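None of the figures in this text is laboratory data; all of them are computed from the coordinates on show. If you're wondering where the values come from, they're calculated on a predicted model, not measured in any experiment. Backbone-built Cβ (ideal geometry, glycine too); neighbour counts: all protein chains shown.
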Amino acid sequence: MNIQRRVRIGEIAAATGLSRATVDRVLNKRPGVHPRTHAHVLRVLAQLEGNGQPSLGRPADFEKREALGIVVQAGETFTRSVLDMAQKLKDSDSNGANLRAVASKSDEETIELIRRLGKDLDGLAVVSKNIEPVKSVLKELRSAGKNVVALVSDLDATVRDAYVGIDNRAAGQLAAFILGRCLERTGEAKVAVVVGYFSYLCQEDREIGFRSLLRQRFPQIEIVEVVKGDDSRKATYEAALRLLRNRPDTAGIYNVAGGNFGLAKAIDEADLARRPLYIAHEVNEVTEPLLRKGVIDFLISQNVESLVRTSRQVLTDLARRNGSVRELNHLPVQLVTEFTLAPVVAA
């Protein structure tokens, strides 16, 4: 007589390669598990109960690699770093999801890429402005059952499933704390903020965090101007040079956006009696040399590899409906100085 044996959750988890929590959700008929995952657990359970050995590896339908994409509308340097990292991970990790990253140079191109790529993908991560035309096409994508992750810069909660990136308001507070502590012994001080577009919520949040902490902790420091740089070298250079020539007493500059090459050039050409404290974002091919030369004093950054890996994992989990995805996936905020950079290796 064939007696059915009692199978432990741990056995099922080991045989399926899934977590105990996912197996438990299937066995107790709780929601949040992808149908393929549900069927796989029950199939393995039946084999174990019958003392049969489950087949090695997962069945072909469970091995489906999700097709995922990233659309990046940002400054040229940061965009290239994200695209390069996405390609690197795709080349080095054959078992990961099929990930395609593309760049956009305009709002119109972003909308077209979301619409065109989205229909053939299981999920899409987007670095974009939080403007109505973009939000409208993302709503269409989600209505079609596709998953959306806001990357680096958050979007309205109604148009995305999750966010991946640093806490930008906390990053702005960090910049204000550093600047405030460095300048507080000078008494009253004048500082400026450089922005690209406030339609990027990351830039708005950084500026809000910066302004609020200065007001609370360092009221003697005054923000005299918000410089609009449009995330470009040329526009940032022209706007910053006007500022520094009109306000040569500017003691600090916090750049929440891109255009750092132009800002550094403006500081150099302004020929000030005292160089302003300079805080910016992201370690890249432009900012790293400026940091090493002492032009930039502090960089607030996030690890691009962690950014791309986490967004890929979140999109994969959303596609598989495993029920464990957090809405806000904050990465560590990194503070970088010339002394914490890796040494340059001679060729």
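For the chain, what does -39500 (n - 2.57) per DSSP helix run (n ≥ 4), summed and divided by total residues, give at 222 nm, in deg cm²/dmol to the nearest 500?
Here the helix-only value at 222 nm equals -14000 deg cm²/dmol.
Can you compute 3J(HN,Hα) from phi for each residue in segment 293-301, using the Karplus curve 6.51 cos²θ - 1.76 cosθ + 1.60 with θ = phi - 60°, rounded to whole Hz and x for Gly and Pro?
The phi angles translate into 7, x, 6, 8, 8, 9, 10, 9, 9 Hz.
For segment 168-301, rounded, prolate or oblate, judged on the Cα gyration tensor with a ≥ b ≥ c (square roots of eigenvalues), a/c < 1.5 rounded, else prolate if a/b > b/c? Don't jump to the answer; show the numbers that get you there.
Details: a/c = 1.38, a/b = 1.11, b/c = 1.25.
The shape class here is rounded.
Looking at the chain as a GNM with Cα springs under 10 Å, which of LEU124, LEU315, LEU328 has the largest mean-square fluctuation?
Of LEU124, LEU315, LEU328, the Gaussian network model singles out LEU328 as fluctuating most.
On each of the three principal axes of the Cα atoms of segment 232-347, give max minus min coordinate, whole Å, ordered largest first.
Rounded to whole Å, the extents work out to 59, 36, 22 Å.
What fraction of the DSSP beta bridges in the chain is antiparallel, stated in percent and rounded to the nearest 5?
Numbers: 3 of 42 bridges.
Looking only at bridges with both residues in the chain, the antiparallel portion is about 5 percent.
In units of 2.2 N^0.38 Å, what is the alpha-carbon radius of gyration of segment 300-347?
So segment 300-347 has a normalised radius of gyration of 1.64.
Give me Rg/Rg_expected for segment 164-241, where Rg uses Cα atoms only and Rg_expected = 2.2 N^0.38 Å with N residues.
Relative to the rule-of-thumb radius for its length, segment 164-241 sits at 1.12.
For a quick size check, give me the Cα extents of segment 220-290 along its three principal axes, largest first, whole Å.
32, 24, 21
Which of ALA175, ALA46, ALA189 ends up with the largest GNM mean-square fluctuation for the chain, with Cα atoms connected below 10 Å?
ALA46
If the cut-off is 21 Å between C-alpha atoms, which lysines fall inside it for LYS190, apart from same-chain ones fewer than 8 positions away?
Filter leaves LYS228, LYS265.
Quick one: Debye curve from the alpha-carbon atoms of the chain only, equal weights, vacuum; give me log10 I(q)/I(0) at q = 0.15 Å⁻¹ to two decimals.
-1.19
Share of antiparallel DSSP beta bridges in segment 213-347, in percent to the nearest 5?
Expressed as a percentage, antiparallel bridges in segment 213-347 total about 35.
Mind giving me the FRET efficiency for ILE131 and LEU331? R0 is 30 Å, r the Cβ-Cβ distance, nearest 0.05 is fine. Write down the numbers at each step before the final one.
Values: r = 25 Å, r/R0 = 0.82.
After rounding to 0.05, the efficiency reads 0.75.
How would you rank SER324, SER153, SER104, SER311, going from fewest to most other Cβ atoms within 10 Å of each one's own Cβ? Kindly include the intermediate steps, with their values, before the conclusion.
Values: SER324 12, SER153 24, SER104 20, SER311 30.
Listed from fewest to most nearby Cβ atoms, that is SER324, SER104, SER153, SER311.
Can you compute the FRET efficiency between ASP156 and ASP120 using 1/(1 + (r/R0)^6), with r the Cβ-Cβ distance and R0 = 22 Å? Round to the nearest 0.05.
Numbers: r = 25 Å, r/R0 = 1.12.
About 0.35, to the nearest 0.05.
Of the residues ASP107, ASP84, ASP271, which exhibits the maximal mean-square fluctuation in a Gaussian network model of the chain defined by a 10 Å Cα contact cut-off?
Top of the fluctuation ranking is ASP271.
Using only Cα atoms, what is the ratio of the radius of gyration of segment 77-208 to 2.2 N^0.38 Å?
1.27
Once you put a point 7 Å from the Cα of ARG20 and another 7 Å from the Cα of ASP249, both along the Cβ direction, what distance in nm separates them?
6.5
Just flag the GluC sites (Glu not before Pro) in segment 108-206 sitting in loop per DSSP whose Cβ has no more than 13 other Cβ atoms within 10 Å.
Here the sparse-neighbourhood loop sites are GLU188.
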